[in-house]
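Bear in mind that the values in this text are calculations on the coordinates, not laboratory data. Keep in mind that this is a model prediction, so the values were computed, not measured. All Cβ positions, glycine included, derive from the backbone under ideal geometry; neighbour counts span all protein chains shown.
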Amino acid sequence: MSDEVAKKEVAANKRARRDYHITETLEAGLVLRGTEVKSIREGKVSISECFARIERNECWLYGCDIQPWQTAGSYFQHEAKRPRKLLLHKNEILKLSQSTLQKGFTLVCLKLYFKGRRVKVQLGLGKGKGHADQRQDLKKKTELREAQREVARFHKGRL
């Protein structure tokens, strides 16, 4: 088998990098039911309000909205916003627990994707930004875009 496993991104949290200073990222597996995996394959998932919390030495994902699968019976159906267990090593959980106890740090879901046949979630350890920080980042981004536009215009005129 190849060392390179195909990754297929299903959902991304675009607001996370705008609202938080992400200092560290890590990958975790998810404990899911069959109907949840089928709904994720169809793209019926939202992680915009998704975050992780450590409780009793286990990591749990909250706010992940996986819509019910249409053709499943009521017995096999899952709840849309139930807490889902994350699969991490004990030393990773301990490290994250110590980090999140610091003031202002939280675990934010950055993206949800398939890695091979498994569903993975990318978590980011971040500290919340204020409005001034967000405005400053937006200003830097627009200045960089304008500089790149000027360089492209300069090179286009030389051809």
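Descriptive notes on the structure:
- Residues that are within 12 Å of Ile54 (Cβ to Cβ), touching a residue at least 12 places away in the same chain (Cβ under 8 Å) and among the aliphatic types (A, V, I, L, M) within segment 95-147 comprise Leu96, Leu107, Leu123, Leu125, listed in sequence order.
- Residues that are under 10 Å from the mean Cα position of the chain (by Cα) and over 16 Å from Gly63 (Cβ atoms), drawn from segment 33-50: none
- Residue match in segment 128-140 (condition: surrounded by fewer than 16 Cβ atoms within 10 Å (Cβ to Cβ) and either at positive phi or touching a strand residue (DSSP E or B) at 6+ places or on another chain (Cβ under 7 Å) (or both)): yes
- The residues in segment 16-53 that are part of a strand (DSSP E or B) and within 15 Å of Lys127 (Cα to Cα) can be counted, and the count is 9.
- Residue in segment 45-65 that is nearest to Glu79 (Cα to Cα), counting only those that are in contact with a strand residue (DSSP E or B) (Cβ under 7 Å, 6 or more places away or on another chain) and charged (D, E, K, R): Asp65
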